[in-house]
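Each value in this text was obtained by applying a stated rule to the coordinates, not by laboratory testing. Fair warning: this is a prediction, and the values are worked out from it, not measured in the lab. All Cβ positions, even for glycine, are placed from backbone atoms using ideal geometry, and neighbour counts span all protein chains on display.
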Amino acid sequence: MKKCPIYKSSNVTLYMGGQFGNYECKKCGYVGSLVIEDKVKLDDKSKAILKDMKQHKK
Ligand SMILES: [Zn+2]
């Protein structure tokens with residue numbers, strides 16, 4: 001299962017049919033290639049990206 005990296009919502013679908021390799025979160029509107037796989041832990045690079053995204057979110 002894929003989850004939104006921002007709100008941990010599982011309401012994530014392929015964006016534009018996945019043709020760009022991106023996902024869309026129906027809950028917060030996040031679009032990007034980075035989603036959380038349930039079993040996979042975020043590495044430090046992904047955490048840094050997320051932190052940066054949240055700072056720009058406002
Ligand atoms: Zn979201």
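Points worth noting:
- Output for region 21-47, where each listed residue is touching a residue at least 12 places away in the same chain (Cβ under 8 Å) and in a loop (DSSP other than H, G, I, E, B): 21, 26, 27, 28, 30, 33, 34, 35, 38, 42
- Taken over region 1-20, the criterion of being of a type in the set (Ser, Thr, Tyr) and assigned to a strand (DSSP E or B) is satisfied by 13 alone.
- If only residues of region 7-27 that are surrounded by 15 or more Cβ atoms within 10 Å (Cβ to Cβ) and of a type in the set (A, V, I, L, M, F, W, C) are counted, the one that is nearest to the ligand (Cβ to nearest atom) is 25.
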